[in-house]
Amino acid sequence: MIGLVLVSHSAKLAEGLAELAGQMAPDVRILPAGGLLDGTLGTDFDAVSAALDRADAGDGVVLLYDLGSAKMTADLAVEMLGDPSRAAVVDAPFVEGAVAAAVAAQGGGDLDAVLTAAVSAGAPDEVVDAGTGTDFVLTNDIGLHARPAALLARTVAELDAKVTVRFGDKQADAASVLALMSLGARGGDTVAVSATGPDAAEALRRVHDLVARGFDE
Amino acid sequence: MSCDAAGVVAALRSAAEVVEAHRDELVTLDREIGDGDHGENLKRGFTAVLSKLDNAGDTPGAVLKVVASTLISTVGGAAGPLYGTAFLRAAAKLGTEPELTASSVVDALAAALEGVVARGKAEVGDKTMVDALTPAVAAARDAAGSSVAEVLRAAADAAGKGAEDTVPLVARKGRASYLGERSAGHMDPGARSTALLLRAFADAAS
């Protein structure tokens, strides 16, 4: 499984983001590397390198950064590793990218898949064909909030299907936790789920099960 | 100076003294357009370098590699990765050759510049250390037919001029770029420290 390193000038920012992303990807090694040893703001090369080592479970590591010199520190840590296939720094929105990368890693994505997930977290969603569709009433209290959204994204990530969730006039790619959350669908709301691709029917069946179980709440 | 590892160590000791002597000046320059920590960060880095020089290695490249990893770990900010990369690339270029030559110094300086540009994505005119290092490499290349001392002197002279030329520039990279037009009228601290280091190396070599 791919690991993540979150490189930030602020220890609190990196730790908070690791907590947020970790909630949606409980099995992924997500290592915060923020701030300097003395507690001030900055990026510490040794801390980033150590996090890079610890995040690597053997399949590789994706590093995300907040701004400016954090990218340089991350790039340098990867360069010093001497093996470009083991780690990569991704230019993605720090929060959205980390969450999307974590979910992709949890779903078993390889280095490229996790990088792509992080990058596309900042891109607008494309409009897709409706395909086969079903309406679902969300039975859990919080609706498509962080944890249920992550659960839904993970469920469809394993399948060869493009799943779209519509709520009101908004739509979201079900592979994107953030897009799902931004729908703002709460308990009792009705969402329309459609799917295309070879596994479309299986995708809808799994979404149905998930909704029926109240997202295991 | 000699051009072996011992000579390089001696040049680095003088560089550390120069950084110490100019700490306040660099802090002041950086306070004008940055976050004011460049002088202190660089001083901390070279103080750490001093403590590593006794057993740094027996080739110029090996010594510079120790300098690189020490600066990366201790300087912080953007200057740590940038100076670290510069020394790292120079060290890699020198490989295991036992003594510097005029042409290997030119190649090492060019490799350092290439590394800094790749790491920081800055171009000439962005008001960064690249504005000192770029003319330094060009001048060093012109002097490649002479001695190590002449190459370093040419590089130091050009870097000093390059640093002066950053005064009217509006910063396009680094913390100073957030100031926009207000960054004009101040010398870039990174260009200044680059010029100071090259001057220290040149003085040690002559």
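The values are calculated or read from the model by the stated rules, or taken from the named source; none is laboratory data. Quantities reported herein were computed from a predicted structural model and do not represent experimental measurements. So basically every Cβ, Gly included, is an ideal-geometry build from the backbone, and we count neighbours across all protein chains shown. All accessible areas refer to the heavy atoms of the entire protein, side chains included, with ligands and DNA or RNA removed. Shrake-Rupley method; radii C 1.70, N 1.55, O 1.52, S 1.80 Å.
Among the residues of the range B:105-144, those that are closer than 18 Å to B:His38 by Cβ and touching a helix residue (DSSP H, G or I) at 6+ places or on another chain (Cβ under 7 Å) comprise B:Val116, B:Arg119, B:Gly120, B:Ala122, B:Lys127, B:Thr128, B:Met129, B:Val130, B:Asp131, B:Ala132, B:Leu133. Out of curiosity, is A:Lys162 closer than 20 Å to A:Gly107 by Cα and open to solvent by 30 Å² or more (accessible area, probe 1.4 Å)? When the stated conditions are applied, A:Lys162 passes them. For the residues A:Ala57, A:Ala70, A:Ala101, A:Ala121, the requirement of being under 21 Å from the mean Cα position of the chain (by Cα), more than 14 Å from chain B (Cβ to nearest Cβ) and in contact (Cβ under 8 Å) with a residue 60 or more places away in the chain singles out A:Ala101.
Just one of (1) touching a Lys or Arg at 6+ places or on another chain (Cβ under 7 Å); (2) more than 24 Å from B:Thr166 (Cα to Cα); (3) among the small types (Gly, Ala, Ser) fails for B:Ser104. It is (1). Of the listed requirements (1) over 11 Å from the mean Cα position of the chain (by Cα); (2) within 17 Å of A:Glu217 (Cβ to Cβ); (3) surrounded by 20 or more Cβ atoms within 10 Å (Cβ to Cβ), A:Val177 misses just one: (1). Filtered by the rule that a residue be in contact with a strand residue (DSSP E or B) (Cβ under 7 Å, 6 or more places away or on another chain), buried (at least 20 other Cβ atoms within 10 Å of the Cβ) and in a helix (DSSP H, G or I), the range A:19-50 gives A:Ala21, A:Ala47, A:Val48.
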